[in-house]
Amino acid sequence: MSNAPSWDDLFADPRFHWTEPDEGVLATAPRWRDEGRDAIYDLGCGAGRHMAYLQTQGFELYGSDVAPNGLDACGRYLAEAKLPARLVRADMTTCPFADASFDAGVSTNVLNHNSLPMLRETIDEVRRVLKPGGEFYLTVLSTNDWRCGSGEEVAPNTWVLGEGPEAGILHHFFDDDGIRDWLSDFDIIEARRDTGASNSSVRDSGEPAVKDFWAVWIRKAASTS
Ligand SMILES: C[S@@+](CC[C@H](N)C(=O)[O-])C[C@H]1O[C@@H](n2cnc3c(N)ncnc32)[C@H](O)[C@@H]1O
């Protein structure tokens, strides 16, 4: 039996109960509202920062996550805010919703946590549950992130981290070709690499831990014919 930590273990620590919305979510919500988008899916909703924020902006939110402790924290956060909690426990590879359910979706800091074959299954599921013309905003780590190269490489660009707050957790990292190949069934509206943003971690070596990630907006074709 593996002793590797999981996200369910990490959610025992309130440090992982994030409440500040991601900048891309903040920037995109007004446009989605102006466009009349309504039903939004938060894949890997965690402790619920976007489940809450996007509901305060007038959207109807549905969330899924694999970690019961994350869903519990999310449920409490939404209850305190007196907001509906439409939450389902599910692995990312099987989104528990009907085809074409959502006008839009978000998944921040989630779609790194699997092997590339599983992430391909996941993005196919995202496409399935989006309506034609549906948009999705996601963030994933790039191969320039400080964590890429730390720990054990179990497949190309896929590492079980050896240090930091998520040590022991599987991460896949995307380079430019990798991100475009992974998302090739979508129109890429924008793929922005944000580099140099430092976070609070310091490497075991004492070097600063510099975060480097992709913020990506994609759209499912309006017509699949
Ligand atoms: C870094 S947290 C991000 C949480 C949230 N999206 C946010 O930005 O606040 C990563 C999330 O991915 C979820 N996760 C990891 N592996 C998953 C899987 N196989 N299926 C579904 N969710 C997963 C974790 O439970 C956790 O909630």
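Derivation of every value follows stated rules applied to the coordinates shown; laboratory data play no part. This is a predicted model, so every value here is computed, not measured. Positions of Cβ are backbone-derived with ideal geometry, glycine not excepted, and every protein chain shown enters the neighbour counts.
Taking region 97-121 as the range and being in a helix (DSSP H, G or I) and free of Cβ contacts under 8 Å to residues at least 40 places away in the same chain as the test, the residues that pass are 117, 118, 121. Looking at this structure, is residue 46 within 11 Å of the ligand (Cβ to nearest atom) and of a type outside the set (Val, Ile, Thr)? The answer is yes for residue 46.
Applying the criterion of at least 3 residues that are surrounded by fewer than 19 Cβ atoms within 10 Å (Cβ to Cβ) and in contact with a Pro (Cβ under 8 Å, 6 or more places away or on another chain) to the strands (runs of 3 or more DSSP E) found wholly in region 133-225 leaves 187-202. Scoring residue 76 on the criteria (1) closer than 17 Å to residue 10 by Cβ; (2) assigned to a strand (DSSP E or B); (3) away from the ligand (no atom under 12 Å from the Cβ) leaves a single failure, condition (2). Mind listing just one residue for me: the one in region 1-43 that is assigned to a strand (DSSP E or B) and not hydrophobic (A, V, I, L, M, F, W, C) and, of those, nearest to the ligand (Cβ to nearest atom)? Looking at the filtered set, the residue picked out is 42.
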